[in-house]
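The values are calculated or read from the model by the stated rules, or taken from the named source; none is laboratory data. Computed from a prediction, not measured in an experiment: that's the story for all the values here. Note that we place each Cβ from the backbone using ideal geometry, even for glycine, and neighbour counts take in every protein chain shown.
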Amino acid sequence: MWGGSIENAENSNLEIGVKFCGLCKPEIDTKKLFSILADKIENSKIRNLSKFDKIYPKDYELIIMINGCESSCLLKSSSNSAKKHIWVKGFIYKNKKYTDEKNLAEKILIEILDYISFRFQEGF
């Protein structure tokens, strides 16, 4: 179980952006990861997930940076002034290698819910 609460997520107005690398040599199926993550986020009552649009960028509070491989080319790119970034490098997340997109999405969701819980406790 995670530390974050579904109730806090339901009341959250957190804007979450997802930014993808150029996918020159993907090790993971980024579309599958995004789809699983979007389903899990929707089931957690978080409603504000969208793909990062560099033409019409929003000010996201949290951005999920999905690199298709361990080269992590997004680390070299700029993002907006998000307060929180979640970095995915192929199947690696927080220096741990996962076996599939589903397990990876579950770990990302846990971090999102923990962040929402922190925001709620801090009165954001």
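Looking at N48 and the list (1) at pLDDT 80 or above; (2) touching a strand residue (DSSP E or B) at 6+ places or on another chain (Cβ under 9 Å); (3) of a type outside the set (A, V, I, L, M), which single condition is not satisfied?
Against the list (1) at pLDDT 80 or above; (2) touching a strand residue (DSSP E or B) at 6+ places or on another chain (Cβ under 9 Å); (3) of a type outside the set (A, V, I, L, M), N48 comes up short only on (1).
For region 94-117, give me each residue that is over 17 Å from I41 (Cβ atoms) and over 15 Å from the mean Cα position of the chain (by Cα).
Selection gives N95, K96, K97, Y98, T99, D100.
State whether the residues of region 80-93 include one that is at pLDDT 85 or above, over 20 Å from L113 (Cα atoms) and more than 15 Å from the chain's Cα centre (by Cα).
Within region 80-93 (the criterion being at pLDDT 85 or above, over 20 Å from L113 (Cα atoms) and more than 15 Å from the chain's Cα centre (by Cα)), the answer is no, since none of the residues qualifies.
Would you confirm, using the coordinates I've provided, whether S72 is of a type in the set (S, T, Y), modelled with pLDDT under 90 and under 21 Å from K25 (Cβ atoms)?
yes
Hey, can you tell me all the residues within region 90-104 that are loosely packed, with under 13 Cβ neighbours inside 10 Å and in contact with a Cys (Cβ under 8 Å, 6 or more places away or on another chain)?
Within region 90-104, no residue meets the criteria.
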